[in-house]
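The next block holds one structure in the form of C-alpha coordinates; read it before the comments.
The values are calculated or read from the model by the stated rules, or taken from the named source; none is laboratory data. Quick caveat: nothing in here was measured; it's all calculated off a predicted structure. Here the Cβ is made from the backbone with ideal geometry for all residues, glycine too, and neighbour counts use every protein chain on show. Surface accessibility is based on the protein's heavy atoms, side chains included, excluding ligands, DNA and RNA. Shrake-Rupley method; radii C 1.70, N 1.55, O 1.52, S 1.80 Å.
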Amino acid sequence: MEAAREGPLTAGSASGRLLARGTALLGLLLLVLLLGVVVRLPWAGDLGIHAATVERLRHDLLEPGDPLVAADAPSPYYTPWTLLLGCLAKVTGLGVFVVLRIGALISLTVLVGGVWVFAGTFLERGTAPLRRAAVTALVLLCLVLLWGTTLFNWSGYLGLNSLALCIAYPSTFALGASFWLWALVRRAVSWAHFLGAGVLWAVILLSHQFTGVVASLGALAMVLGARPWPGKDAWLRLAGGLGLGLVLIALWPYYSFFGLFGAGGDLEAIHRSLYRDLVARLWLVALVGGAALVLRWRRDRRDPLVLFCLLGLVVFAAGGLTGHWSWGRVLPAVLVPAQVAVGLEVGGAAGRAVRVGFGWVVCGALLLGAWAQSGTLGYVVPRSALPSFVAAKYREPWGGYHWITPLVRYGDVVLAKTFPARQIPAYGAYTVAPGYPDFFLDDEGAREAAVRAYFAGGVSRGERVEVLRRYKVRWVVAYRSDGGLGGGDPALERVAVGPRGQILYRVVVG
(Lines give C-alpha, C1' and ligand atoms only; values in the text may rest on other atoms or scores of the structure.)
Protein backbone atom coordinates (compact mmCIF):
# COMPACT_ATOMS: atom_id res chain seq x y z
CA MET A 1 0.00 0.00 0.00
CA GLU A 2 1.32 3.42 -0.84
CA ALA A 3 0.57 6.52 1.17
CA ALA A 4 -1.67 9.19 -0.31
CA ARG A 5 0.02 12.44 -1.38
CA GLU A 6 -1.29 15.90 -2.02
CA GLY A 7 -2.46 16.29 -5.60
CA PRO A 8 -4.83 18.28 -7.79
CA LEU A 9 -7.76 16.08 -6.75
CA THR A 10 -7.09 16.43 -3.03
CA ALA A 11 -10.35 17.61 -1.51
CA GLY A 12 -8.73 19.73 1.22
CA SER A 13 -9.32 23.08 -0.48
CA ALA A 14 -12.19 24.75 -2.30
CA SER A 15 -10.42 24.44 -5.66
CA GLY A 16 -9.54 20.83 -4.92
CA ARG A 17 -13.12 19.97 -4.03
CA LEU A 18 -14.36 21.68 -7.18
CA LEU A 19 -11.89 19.79 -9.36
CA ALA A 20 -12.72 16.52 -7.63
CA ARG A 21 -16.43 17.04 -8.19
CA GLY A 22 -15.86 17.94 -11.82
CA THR A 23 -13.78 14.82 -12.39
CA ALA A 24 -16.37 12.63 -10.68
CA LEU A 25 -19.08 14.22 -12.85
CA LEU A 26 -17.11 13.44 -16.03
CA GLY A 27 -16.82 9.84 -14.86
CA LEU A 28 -20.57 9.76 -14.28
CA LEU A 29 -21.21 11.12 -17.79
CA LEU A 30 -19.00 8.35 -19.17
CA LEU A 31 -21.12 5.77 -17.35
CA VAL A 32 -24.31 7.35 -18.72
CA LEU A 33 -22.89 7.04 -22.24
CA LEU A 34 -22.02 3.38 -21.66
CA LEU A 35 -25.48 2.71 -20.24
CA GLY A 36 -26.89 4.13 -23.48
CA VAL A 37 -24.65 1.72 -25.37
CA VAL A 38 -26.02 -1.17 -23.32
CA VAL A 39 -29.56 -0.18 -24.33
CA ARG A 40 -28.67 0.07 -28.03
CA LEU A 41 -26.23 -2.90 -28.02
CA PRO A 42 -24.49 -2.20 -31.35
CA TRP A 43 -23.65 -5.37 -33.25
CA ALA A 44 -20.21 -5.94 -34.72
CA GLY A 45 -17.48 -8.53 -34.42
CA ASP A 46 -18.16 -11.52 -32.19
CA LEU A 47 -21.56 -10.67 -30.70
CA GLY A 48 -23.21 -13.34 -32.85
CA ILE A 49 -21.21 -16.22 -31.47
CA HIS A 50 -21.84 -15.15 -27.88
CA ALA A 51 -25.57 -14.91 -28.61
CA ALA A 52 -25.46 -18.36 -30.24
CA THR A 53 -23.67 -19.80 -27.20
CA VAL A 54 -26.34 -18.46 -24.84
CA GLU A 55 -29.04 -19.89 -27.13
CA ARG A 56 -27.48 -23.38 -27.09
CA LEU A 57 -27.20 -23.31 -23.30
CA ARG A 58 -30.79 -22.15 -22.99
CA HIS A 59 -31.90 -25.29 -24.83
CA ASP A 60 -29.46 -27.74 -23.21
CA LEU A 61 -27.30 -26.78 -20.24
CA LEU A 62 -25.49 -30.11 -20.04
CA GLU A 63 -24.73 -31.06 -23.67
CA PRO A 64 -25.23 -27.98 -25.84
CA GLY A 65 -22.97 -29.15 -28.70
CA ASP A 66 -21.09 -26.84 -31.02
CA PRO A 67 -22.63 -23.34 -30.87
CA LEU A 68 -22.24 -22.64 -34.59
CA VAL A 69 -22.78 -25.88 -36.51
CA ALA A 70 -24.89 -28.98 -35.98
CA ALA A 71 -22.17 -31.10 -34.41
CA ASP A 72 -21.49 -32.70 -31.05
CA ALA A 73 -18.26 -30.87 -30.18
CA PRO A 74 -16.91 -28.94 -27.19
CA SER A 75 -16.32 -25.21 -27.45
CA PRO A 76 -14.22 -22.66 -25.52
CA TYR A 77 -17.19 -20.29 -25.73
CA TYR A 78 -18.98 -22.35 -23.06
CA THR A 79 -17.57 -20.48 -20.10
CA PRO A 80 -18.70 -19.76 -16.54
CA TRP A 81 -19.94 -16.39 -17.77
CA THR A 82 -21.97 -17.68 -20.72
CA LEU A 83 -23.26 -20.52 -18.53
CA LEU A 84 -24.64 -17.91 -16.12
CA LEU A 85 -26.32 -16.07 -19.00
CA GLY A 86 -27.65 -19.35 -20.42
CA CYS A 87 -29.21 -20.18 -17.06
CA LEU A 88 -30.72 -16.69 -16.93
CA ALA A 89 -32.19 -17.18 -20.41
CA LYS A 90 -33.56 -20.61 -19.51
CA VAL A 91 -35.17 -19.49 -16.25
CA THR A 92 -36.64 -16.20 -17.45
CA GLY A 93 -37.47 -17.01 -21.07
CA LEU A 94 -36.05 -13.63 -22.11
CA GLY A 95 -34.77 -13.17 -25.65
CA VAL A 96 -31.06 -13.66 -26.17
CA PHE A 97 -30.35 -10.01 -26.92
CA VAL A 98 -32.19 -8.93 -23.76
CA VAL A 99 -30.06 -11.40 -21.83
CA LEU A 100 -26.91 -10.00 -23.44
CA ARG A 101 -27.97 -6.50 -22.41
CA ILE A 102 -28.38 -7.70 -18.84
CA GLY A 103 -24.97 -9.34 -19.09
CA ALA A 104 -23.49 -6.09 -20.40
CA LEU A 105 -24.96 -4.20 -17.46
CA ILE A 106 -23.52 -6.74 -15.01
CA SER A 107 -20.12 -6.56 -16.72
CA LEU A 108 -20.10 -2.77 -16.62
CA THR A 109 -20.90 -2.91 -12.90
CA VAL A 110 -18.13 -5.45 -12.32
CA LEU A 111 -15.67 -3.30 -14.28
CA VAL A 112 -16.46 -0.03 -12.52
CA GLY A 113 -16.52 -1.71 -9.12
CA GLY A 114 -13.24 -3.42 -9.86
CA VAL A 115 -11.54 -0.17 -10.83
CA TRP A 116 -12.90 1.46 -7.67
CA VAL A 117 -11.54 -1.32 -5.45
CA PHE A 118 -8.21 -1.68 -7.26
CA ALA A 119 -7.48 2.06 -7.33
CA GLY A 120 -8.40 2.18 -3.66
CA THR A 121 -5.59 -0.24 -2.80
CA PHE A 122 -3.14 2.52 -3.82
CA LEU A 123 -4.83 5.15 -1.64
CA GLU A 124 -4.44 5.63 2.07
CA ARG A 125 -7.11 4.00 4.21
CA GLY A 126 -9.65 6.60 5.23
CA THR A 127 -9.28 8.61 2.02
CA ALA A 128 -12.18 11.04 1.67
CA PRO A 129 -15.01 9.51 -0.42
CA LEU A 130 -15.05 12.49 -2.79
CA ARG A 131 -11.35 12.15 -3.53
CA ARG A 132 -11.61 8.40 -3.97
CA ALA A 133 -14.54 8.87 -6.36
CA ALA A 134 -12.56 11.49 -8.31
CA VAL A 135 -9.46 9.29 -8.58
CA THR A 136 -11.57 6.31 -9.70
CA ALA A 137 -13.35 8.48 -12.28
CA LEU A 138 -10.02 9.75 -13.59
CA VAL A 139 -8.64 6.22 -13.84
CA LEU A 140 -11.76 5.15 -15.77
CA LEU A 141 -11.39 8.13 -18.13
CA CYS A 142 -7.75 7.18 -18.72
CA LEU A 143 -8.66 3.53 -19.37
CA VAL A 144 -11.18 4.38 -22.09
CA LEU A 145 -9.77 7.61 -23.61
CA LEU A 146 -6.00 7.50 -23.22
CA TRP A 147 -5.07 5.50 -26.31
CA GLY A 148 -4.12 7.15 -29.60
CA THR A 149 -5.74 9.05 -32.46
CA THR A 150 -6.53 5.95 -34.56
CA LEU A 151 -9.21 3.57 -33.31
CA PHE A 152 -8.03 0.26 -31.86
CA ASN A 153 -11.06 -2.01 -31.54
CA TRP A 154 -10.54 -5.48 -30.14
CA SER A 155 -12.19 -7.74 -27.62
CA GLY A 156 -10.59 -7.26 -24.21
CA TYR A 157 -9.39 -3.73 -25.01
CA LEU A 158 -10.91 -0.89 -23.00
CA GLY A 159 -10.83 1.93 -25.55
CA LEU A 160 -14.20 3.70 -25.56
CA ASN A 161 -15.18 2.60 -29.06
CA SER A 162 -13.92 -0.93 -28.48
CA LEU A 163 -15.75 -1.15 -25.15
CA ALA A 164 -18.97 0.07 -26.78
CA LEU A 165 -18.82 -2.77 -29.31
CA CYS A 166 -17.63 -5.44 -26.86
CA ILE A 167 -19.55 -4.46 -23.73
CA ALA A 168 -21.63 -7.67 -23.84
CA TYR A 169 -18.63 -9.92 -24.55
CA PRO A 170 -17.15 -12.30 -21.96
CA SER A 171 -13.88 -10.37 -22.27
CA THR A 172 -15.45 -7.30 -20.65
CA PHE A 173 -16.63 -9.33 -17.68
CA ALA A 174 -13.24 -11.05 -17.44
CA LEU A 175 -11.30 -7.79 -17.50
CA GLY A 176 -13.61 -6.25 -14.91
CA ALA A 177 -13.13 -9.31 -12.71
CA SER A 178 -9.36 -8.98 -13.19
CA PHE A 179 -9.38 -5.65 -11.34
CA TRP A 180 -11.07 -7.42 -8.42
CA LEU A 181 -8.44 -10.17 -8.60
CA TRP A 182 -5.55 -7.70 -8.48
CA ALA A 183 -7.13 -5.85 -5.58
CA LEU A 184 -7.69 -9.12 -3.74
CA VAL A 185 -4.10 -10.23 -4.27
CA ARG A 186 -2.82 -6.88 -2.95
CA ARG A 187 -4.93 -7.13 0.19
CA ALA A 188 -4.96 -10.92 0.73
CA VAL A 189 -3.88 -12.08 4.18
CA SER A 190 -5.93 -15.19 5.03
CA TRP A 191 -6.50 -18.59 3.47
CA ALA A 192 -10.01 -17.48 2.49
CA HIS A 193 -8.56 -14.53 0.55
CA PHE A 194 -6.04 -16.62 -1.35
CA LEU A 195 -8.46 -19.46 -2.10
CA GLY A 196 -11.03 -16.92 -3.25
CA ALA A 197 -8.41 -15.39 -5.52
CA GLY A 198 -7.73 -18.85 -6.96
CA VAL A 199 -11.41 -19.38 -7.76
CA LEU A 200 -11.68 -15.93 -9.35
CA TRP A 201 -8.52 -16.54 -11.37
CA ALA A 202 -9.99 -19.79 -12.73
CA VAL A 203 -13.28 -18.08 -13.63
CA ILE A 204 -11.40 -15.36 -15.52
CA LEU A 205 -9.20 -17.81 -17.43
CA LEU A 206 -12.17 -19.99 -18.37
CA SER A 207 -14.35 -17.01 -19.32
CA HIS A 208 -11.83 -15.38 -21.68
CA GLN A 209 -8.50 -17.06 -22.09
CA PHE A 210 -6.57 -14.07 -23.44
CA THR A 211 -7.79 -11.80 -20.66
CA GLY A 212 -6.88 -14.58 -18.27
CA VAL A 213 -3.25 -14.18 -19.33
CA VAL A 214 -3.49 -10.44 -18.64
CA ALA A 215 -5.05 -11.16 -15.25
CA SER A 216 -2.27 -13.65 -14.46
CA LEU A 217 0.51 -11.20 -15.32
CA GLY A 218 -1.18 -8.53 -13.23
CA ALA A 219 -1.54 -10.85 -10.25
CA LEU A 220 2.12 -11.82 -10.54
CA ALA A 221 3.11 -8.16 -10.60
CA MET A 222 1.03 -7.44 -7.50
CA VAL A 223 2.85 -10.23 -5.67
CA LEU A 224 6.33 -9.19 -6.83
CA GLY A 225 5.64 -5.57 -5.95
CA ALA A 226 4.19 -6.25 -2.51
CA ARG A 227 5.51 -4.26 0.44
CA PRO A 228 6.70 -5.89 2.63
CA TRP A 229 7.96 -8.90 0.71
CA PRO A 230 5.58 -11.87 1.27
CA GLY A 231 6.62 -14.31 3.98
CA LYS A 232 6.55 -18.11 3.89
CA ASP A 233 2.94 -18.28 5.07
CA ALA A 234 1.83 -15.94 2.28
CA TRP A 235 3.65 -18.01 -0.35
CA LEU A 236 2.04 -21.20 0.99
CA ARG A 237 -1.42 -19.67 0.82
CA LEU A 238 -0.70 -18.31 -2.63
CA ALA A 239 0.31 -21.80 -3.77
CA GLY A 240 -2.93 -23.15 -2.30
CA GLY A 241 -5.00 -20.61 -4.22
CA LEU A 242 -3.08 -21.33 -7.42
CA GLY A 243 -3.57 -25.08 -6.96
CA LEU A 244 -7.31 -24.67 -6.39
CA GLY A 245 -7.59 -22.56 -9.53
CA LEU A 246 -5.76 -25.15 -11.61
CA VAL A 247 -8.02 -27.93 -10.31
CA LEU A 248 -11.15 -25.97 -11.24
CA ILE A 249 -9.75 -25.25 -14.70
CA ALA A 250 -8.92 -28.92 -15.25
CA LEU A 251 -12.39 -30.02 -14.11
CA TRP A 252 -14.34 -27.59 -16.31
CA PRO A 253 -16.66 -29.92 -18.27
CA TYR A 254 -17.47 -27.91 -21.40
CA TYR A 255 -14.04 -27.83 -23.05
CA SER A 256 -10.41 -28.65 -22.36
CA PHE A 257 -8.64 -25.44 -21.38
CA PHE A 258 -5.24 -27.01 -21.81
CA GLY A 259 -6.25 -28.31 -25.23
CA LEU A 260 -6.23 -24.69 -26.44
CA PHE A 261 -2.45 -24.57 -26.25
CA GLY A 262 -2.33 -26.47 -29.55
CA ALA A 263 -4.43 -23.89 -31.37
CA GLY A 264 -2.64 -22.01 -34.14
CA GLY A 265 -2.97 -21.48 -37.87
CA ASP A 266 -5.91 -19.14 -38.44
CA LEU A 267 -5.65 -17.92 -34.87
CA GLU A 268 -2.22 -16.42 -35.51
CA ALA A 269 -3.17 -14.91 -38.86
CA ILE A 270 -6.23 -13.20 -37.38
CA HIS A 271 -4.12 -11.45 -34.74
CA ARG A 272 -1.33 -10.15 -36.95
CA SER A 273 -3.06 -6.78 -37.24
CA LEU A 274 -2.50 -6.25 -33.51
CA TYR A 275 1.08 -5.32 -34.32
CA ARG A 276 0.24 -2.77 -37.03
CA ASP A 277 -0.09 1.02 -36.71
CA LEU A 278 0.89 0.92 -33.05
CA VAL A 279 2.17 4.50 -32.96
CA ALA A 280 -1.08 6.01 -34.26
CA ARG A 281 -3.16 3.70 -32.07
CA LEU A 282 -1.23 4.13 -28.81
CA TRP A 283 0.93 7.26 -28.81
CA LEU A 284 -1.08 9.10 -26.14
CA VAL A 285 -0.82 6.32 -23.57
CA ALA A 286 2.80 5.66 -24.57
CA LEU A 287 3.84 9.24 -23.81
CA VAL A 288 1.63 10.15 -20.86
CA GLY A 289 1.38 6.67 -19.35
CA GLY A 290 5.09 6.12 -19.79
CA ALA A 291 5.81 9.36 -17.93
CA ALA A 292 3.52 8.32 -15.07
CA LEU A 293 5.24 4.94 -14.78
CA VAL A 294 8.66 6.61 -14.72
CA LEU A 295 7.53 8.83 -11.85
CA ARG A 296 6.37 5.76 -9.95
CA TRP A 297 9.54 3.81 -10.74
CA ARG A 298 11.71 6.63 -9.37
CA ARG A 299 9.90 6.34 -6.04
CA ASP A 300 9.75 2.53 -5.93
CA ARG A 301 11.87 0.18 -8.03
CA ARG A 302 9.34 -2.60 -7.34
CA ASP A 303 6.20 -0.60 -8.05
CA PRO A 304 3.54 -3.19 -9.03
CA LEU A 305 2.17 -1.12 -11.92
CA VAL A 306 5.65 -0.73 -13.41
CA LEU A 307 6.29 -4.47 -13.04
CA PHE A 308 2.89 -5.23 -14.57
CA CYS A 309 3.66 -3.10 -17.62
CA LEU A 310 7.12 -4.62 -18.04
CA LEU A 311 5.78 -8.19 -17.86
CA GLY A 312 3.15 -7.39 -20.49
CA LEU A 313 5.70 -5.64 -22.68
CA VAL A 314 8.02 -8.65 -22.62
CA VAL A 315 5.24 -11.03 -23.74
CA PHE A 316 3.91 -8.61 -26.37
CA ALA A 317 7.38 -8.03 -27.82
CA ALA A 318 8.13 -11.76 -27.82
CA GLY A 319 4.97 -12.39 -29.83
CA GLY A 320 6.00 -9.83 -32.43
CA LEU A 321 9.56 -11.13 -32.68
CA THR A 322 8.59 -14.80 -32.98
CA GLY A 323 5.48 -14.44 -35.15
CA HIS A 324 3.12 -15.59 -32.41
CA TRP A 325 0.70 -12.81 -33.27
CA SER A 326 -1.98 -14.04 -30.87
CA TRP A 327 0.33 -13.02 -28.03
CA GLY A 328 -0.63 -9.49 -29.00
CA ARG A 329 -3.81 -10.00 -27.02
CA VAL A 330 -1.69 -9.41 -23.93
CA LEU A 331 -1.45 -5.72 -24.86
CA PRO A 332 -3.86 -4.63 -22.06
CA ALA A 333 -1.18 -5.84 -19.65
CA VAL A 334 1.01 -3.07 -21.07
CA LEU A 335 -1.66 -0.38 -21.30
CA VAL A 336 -3.84 -0.87 -18.21
CA PRO A 337 -1.04 -0.29 -15.65
CA ALA A 338 0.11 2.79 -17.56
CA GLN A 339 -3.42 4.20 -17.71
CA VAL A 340 -4.06 3.46 -14.03
CA ALA A 341 -0.73 5.07 -13.15
CA VAL A 342 -1.77 8.29 -14.90
CA GLY A 343 -4.97 8.53 -12.88
CA LEU A 344 -3.13 7.84 -9.63
CA GLU A 345 -0.34 10.32 -10.35
CA VAL A 346 -2.72 13.16 -11.18
CA GLY A 347 -4.73 12.27 -8.10
CA GLY A 348 -1.72 12.27 -5.79
CA ALA A 349 1.42 13.63 -7.43
CA ALA A 350 3.87 15.42 -5.16
CA GLY A 351 5.25 18.84 -6.03
CA ARG A 352 3.44 21.79 -7.53
CA ALA A 353 5.24 21.63 -10.88
CA VAL A 354 4.35 17.99 -11.43
CA ARG A 355 0.85 18.48 -10.05
CA VAL A 356 -0.01 21.38 -12.35
CA GLY A 357 2.09 20.55 -15.40
CA PHE A 358 1.29 16.86 -15.61
CA GLY A 359 -2.36 17.52 -14.84
CA TRP A 360 -2.68 19.86 -17.82
CA VAL A 361 -0.87 17.39 -20.09
CA VAL A 362 -3.25 14.62 -19.04
CA CYS A 363 -6.25 16.88 -19.57
CA GLY A 364 -5.11 17.67 -23.11
CA ALA A 365 -4.41 14.00 -23.86
CA LEU A 366 -7.86 12.96 -22.62
CA LEU A 367 -9.53 15.63 -24.77
CA LEU A 368 -7.60 14.46 -27.81
CA GLY A 369 -8.49 10.84 -27.06
CA ALA A 370 -12.14 11.77 -26.63
CA TRP A 371 -12.12 13.53 -29.99
CA ALA A 372 -10.54 10.50 -31.69
CA GLN A 373 -13.27 8.20 -30.30
CA SER A 374 -16.17 10.66 -30.52
CA GLY A 375 -17.86 8.51 -33.15
CA THR A 376 -18.93 6.26 -30.27
CA LEU A 377 -21.71 8.79 -29.62
CA GLY A 378 -23.39 7.46 -32.76
CA TYR A 379 -24.21 4.24 -30.91
CA VAL A 380 -26.39 6.23 -28.51
CA VAL A 381 -27.44 9.38 -30.40
CA PRO A 382 -29.02 9.29 -33.90
CA ARG A 383 -26.42 10.06 -36.51
CA SER A 384 -28.51 12.95 -37.84
CA ALA A 385 -28.18 14.67 -34.45
CA LEU A 386 -24.38 14.46 -34.38
CA PRO A 387 -22.08 17.28 -35.53
CA SER A 388 -20.62 16.54 -38.94
CA PHE A 389 -17.08 15.96 -37.64
CA VAL A 390 -18.41 13.41 -35.12
CA ALA A 391 -20.74 11.73 -37.62
CA ALA A 392 -17.75 11.25 -39.94
CA LYS A 393 -16.09 9.11 -37.26
CA TYR A 394 -19.16 6.98 -36.61
CA ARG A 395 -19.11 3.45 -38.01
CA GLU A 396 -22.47 1.86 -38.72
CA PRO A 397 -22.95 -1.42 -36.77
CA TRP A 398 -24.12 -4.61 -38.44
CA GLY A 399 -27.78 -4.91 -39.29
CA GLY A 400 -28.26 -8.54 -38.26
CA TYR A 401 -30.41 -11.27 -39.79
CA HIS A 402 -33.63 -10.89 -37.83
CA TRP A 403 -35.45 -10.76 -41.17
CA ILE A 404 -35.03 -14.53 -41.62
CA THR A 405 -36.51 -15.48 -38.24
CA PRO A 406 -40.18 -15.65 -39.32
CA LEU A 407 -39.20 -18.68 -41.42
CA VAL A 408 -35.92 -20.11 -40.11
CA ARG A 409 -36.42 -22.04 -36.87
CA TYR A 410 -34.11 -23.06 -34.05
CA GLY A 411 -31.80 -25.88 -35.17
CA ASP A 412 -32.32 -25.38 -38.93
CA VAL A 413 -29.14 -25.58 -41.01
CA VAL A 414 -28.40 -22.56 -43.21
CA LEU A 415 -25.77 -22.48 -45.95
CA ALA A 416 -24.14 -19.04 -46.23
CA LYS A 417 -20.79 -17.39 -46.75
CA THR A 418 -18.54 -16.35 -43.85
CA PHE A 419 -19.98 -12.92 -43.02
CA PRO A 420 -23.62 -14.00 -42.63
CA ALA A 421 -22.39 -17.18 -40.91
CA ARG A 422 -21.07 -14.94 -38.14
CA GLN A 423 -24.56 -13.66 -37.40
CA ILE A 424 -27.14 -16.29 -38.33
CA PRO A 425 -26.42 -18.65 -35.38
CA ALA A 426 -27.37 -15.84 -33.00
CA TYR A 427 -31.00 -16.52 -33.93
CA GLY A 428 -30.80 -20.23 -33.18
CA ALA A 429 -30.01 -21.66 -36.61
CA TYR A 430 -26.83 -23.52 -37.49
CA THR A 431 -24.58 -22.86 -40.46
CA VAL A 432 -22.73 -25.40 -42.59
CA ALA A 433 -19.31 -23.90 -41.82
CA PRO A 434 -18.52 -21.83 -38.72
CA GLY A 435 -18.04 -18.12 -39.24
CA TYR A 436 -15.17 -18.14 -36.75
CA PRO A 437 -12.21 -20.48 -36.16
CA ASP A 438 -13.57 -23.52 -34.31
CA PHE A 439 -10.65 -25.26 -32.61
CA PHE A 440 -12.44 -28.40 -31.43
CA LEU A 441 -14.46 -29.04 -34.60
CA ASP A 442 -12.76 -31.96 -36.33
CA ASP A 443 -14.34 -31.46 -39.76
CA GLU A 444 -14.01 -27.67 -39.87
CA GLY A 445 -11.84 -27.80 -43.00
CA ALA A 446 -14.29 -30.11 -44.83
CA ARG A 447 -17.19 -27.82 -43.98
CA GLU A 448 -15.38 -24.73 -45.23
CA ALA A 449 -14.43 -26.57 -48.43
CA ALA A 450 -18.05 -27.58 -48.95
CA VAL A 451 -19.26 -23.98 -48.69
CA ARG A 452 -16.56 -22.81 -51.09
CA ALA A 453 -17.48 -25.56 -53.54
CA TYR A 454 -21.18 -24.68 -53.43
CA PHE A 455 -20.56 -21.05 -54.37
CA ALA A 456 -17.57 -21.60 -56.69
CA GLY A 457 -17.81 -21.33 -60.45
CA GLY A 458 -17.39 -24.41 -62.62
CA VAL A 459 -18.97 -26.76 -60.07
CA SER A 460 -21.68 -29.08 -61.34
CA ARG A 461 -25.26 -28.89 -60.12
CA GLY A 462 -24.94 -32.43 -58.74
CA GLU A 463 -21.99 -31.45 -56.53
CA ARG A 464 -23.89 -28.45 -55.16
CA VAL A 465 -26.98 -30.53 -54.42
CA GLU A 466 -24.77 -33.11 -52.72
CA VAL A 467 -23.49 -30.40 -50.34
CA LEU A 468 -27.08 -29.50 -49.44
CA ARG A 469 -27.92 -33.14 -48.75
CA ARG A 470 -24.74 -33.98 -46.88
CA TYR A 471 -25.25 -31.24 -44.30
CA LYS A 472 -29.05 -31.43 -44.25
CA VAL A 473 -29.34 -27.82 -45.36
CA ARG A 474 -32.86 -26.37 -45.13
CA TRP A 475 -32.06 -22.79 -46.16
CA VAL A 476 -29.59 -20.86 -48.30
CA VAL A 477 -28.77 -17.18 -47.75
CA ALA A 478 -26.98 -15.54 -50.67
CA TYR A 479 -26.79 -12.57 -53.00
CA ARG A 480 -27.45 -13.18 -56.67
CA SER A 481 -23.77 -12.52 -57.35
CA ASP A 482 -22.54 -15.12 -54.84
CA GLY A 483 -22.91 -18.05 -57.19
CA GLY A 484 -24.32 -21.43 -56.26
CA LEU A 485 -27.62 -22.75 -57.54
CA GLY A 486 -29.65 -20.11 -59.32
CA GLY A 487 -33.01 -18.88 -58.10
CA GLY A 488 -34.72 -20.81 -60.86
CA ASP A 489 -33.21 -24.14 -59.87
CA PRO A 490 -35.84 -26.68 -58.76
CA ALA A 491 -33.79 -27.46 -55.62
CA LEU A 492 -34.46 -23.97 -54.24
CA GLU A 493 -37.53 -21.87 -53.53
CA ARG A 494 -37.09 -18.13 -53.07
CA VAL A 495 -39.06 -17.07 -49.97
CA ALA A 496 -37.70 -13.72 -48.68
CA VAL A 497 -35.42 -10.81 -49.57
CA GLY A 498 -33.28 -9.00 -47.01
CA PRO A 499 -32.62 -5.28 -46.62
CA ARG A 500 -29.72 -5.16 -49.10
CA GLY A 501 -31.03 -7.61 -51.64
CA GLN A 502 -29.79 -10.76 -49.95
CA ILE A 503 -32.14 -13.65 -50.68
CA LEU A 504 -33.40 -16.45 -48.44
CA TYR A 505 -34.04 -19.70 -50.32
CA ARG A 506 -35.84 -22.75 -48.96
CA VAL A 507 -34.16 -26.02 -49.95
CA VAL A 508 -36.74 -28.39 -51.47
CA VAL A 509 -34.54 -31.42 -52.15
CA GLY A 510 -34.20 -34.21 -49.60
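Things to note:
- For the stretch 77-188: relative contact order, % (alpha-carbon pairs under 8 angstrom, 6 or more apart): 35 percent
- Other residues whose C-beta falls under 14 angstrom from the C-beta of Val98 contribute a net charge of +3, scoring Lys and Arg +1 and Asp and Glu -1.
- Using 0.36 nm per residue and subtracting the Cα-Cα separation, the extra length available between Leu105 and Asp277 on full extension is 58.7 nm.
- Here Lys472 is the anchor, and the lysines within straight C-alpha reach of less than 23 Å, apart from those fewer than 8 places off in the same chain, are Lys417.
- In units of the compact-protein estimate 2.2 N^0.38 Å, the stretch 366-490 shows a Cα radius of gyration of 1.41.
- Loop sites by DSSP among the trypsin sites (Lys or Arg not before Pro) of the chain, restricted to those with at most 13 other Cβ atoms within 10 angstrom, leave 126-275 as the longest stretch without any of them.
- log₁₀ of I(q)/I(0) at q = 0.14, 0.21, 0.31 Å⁻¹ - the stretch 44-87, Debye sum with one point per alpha carbon: -0.26, -0.58, -1.21
- Over 20 Å [Cα-Cα, the stretch 195-271], rounded percent: 40 percent
- Per residue, the stretch 368-510 exposes 48 Å² of accessible surface when a 1.4 Å probe is rolled over the protein heavy atoms with every protein chain present.
- Radius ratio Rg over Rh of the stretch 312-351, counting only Cα atoms, Kirkwood formula for Rh: 1.23
- Per-residue Karplus couplings for the stretch 203-220, computed as 6.51 cos²θ - 1.76 cosθ + 1.60 with θ equal to phi - 60°, are listed in order as 4, 5, 4, 6, 6, 7, 4, 5, 5, x, 5, 4, 4, 5, 5, x, 5, 4 Hz, Gly and Pro entered as x.
- Computed extension length for Val91-Val361: 92.1 nm, one decimal, from 0.36 nm per residue of separation with the Cα-Cα distance subtracted.
- log₁₀ of I(q)/I(0) at q = 0.19, 0.28 Å⁻¹ - the stretch 353-424, Debye sum with one point per alpha carbon: -0.85, -1.16
- Taking every alpha-carbon pair under 8 Å whose residues sit at least 6 apart, the stretch 209-320 reaches a relative contact order of 54 percent.
- Debye log10 I(q)/I(0) for the chain, one point scatterer per Cα, at q = 0.11, 0.12 Å⁻¹: -0.97, -1.12
- Amide H contacts of Leu492: Val508, each under 5 Å away and 5 or more positions distant or on a separate chain (H built 1.01 Å from N in the peptide plane; Pro and chain starts excluded).
- Exposed loop sites here are GluC sites (Glu not before Pro) assigned a DSSP state other than H, G, I, E or B and surrounded by at most 16 other beta carbons within 10 Å; excluding them, the longest clear run of the chain is 125-510.
- Label-to-label distance, nm, for residues given as Leu246 and Val459 (7 Å Cα→Cβ offset): 4.7 nm
- From the C-alpha gyration tensor of the stretch 108-210, square roots of 5λ in Å: 24, 20, 9
- Of the two radii for the stretch 53-170, the radius of gyration is 1.09 times the Kirkwood radius, both from the alpha carbons; that is the Rg over Rh value.
- When the alpha carbon gyration tensor of the stretch 292-430 is reduced to an equivalent ellipsoid, its three semi-axes come out at 43, 25, 12 angstrom, largest first.
- Expected-Rg normalisation [2.2 N^0.38 Å, Cα atoms] applied to the stretch 88-144: 1.55
- Portion, in percent, of the accessible area of the stretch 286-348 that falls on carbon or sulfur, probe 1.4 Å: 74 percent
- Förster radius 60 Å - calculated FRET efficiency between Ser190 and Arg395, Cβ distance, rounded to 0.05: 0.80
- Angle between the chain longest axis and helix 232-251 axis [Cα atoms, degrees, rounded to 10]: 10 degrees
- At the residue level, Cys87 shows approximately 50 square angstrom of accessible surface with a 1.4 angstrom probe and all protein chains present.
- The stretch 322-336 - phi-based ³J(HN,Hα) in whole Hz, Karplus 6.51/-1.76/1.60, Gly and Pro as x: 9, x, 8, 5, 5, 5, x, 5, 7, 3, x, 5, 8, 7, 4
- Database remark: amide H of Ala478 closer than 5 angstrom to the amide H of Ile503, Tyr505 (H placed geometrically; neighbours at sequence offset of 5 or more, or on other chains; Pro and chain starts carry no H).
- Projected area averaged over orientations for the stretch 284-352, convex hull of C-alpha atoms, nm²: 4.8 nm²
- Charge context of Leu130, other residues only, Cβ under 9 angstrom, K/R +1, D/E -1: +4
- Projecting label points 7 angstrom from Cα along Cα→Cβ for Ala226 and Trp403 puts them 5.9 nm apart.
- For the stretch 416-458, the spread of Cα positions along the three principal axes, ordered from largest to smallest, is 32, 21, 13 Å.
- Carbon/sulfur fraction of accessible area - the stretch 368-407, other protein chains in place, 1.4 Å, %: 63 percent
- With both labels modelled 7 Å from their Cα along Cα-to-Cβ, the Arg302 to Ala385 distance reads 5.3 nm.
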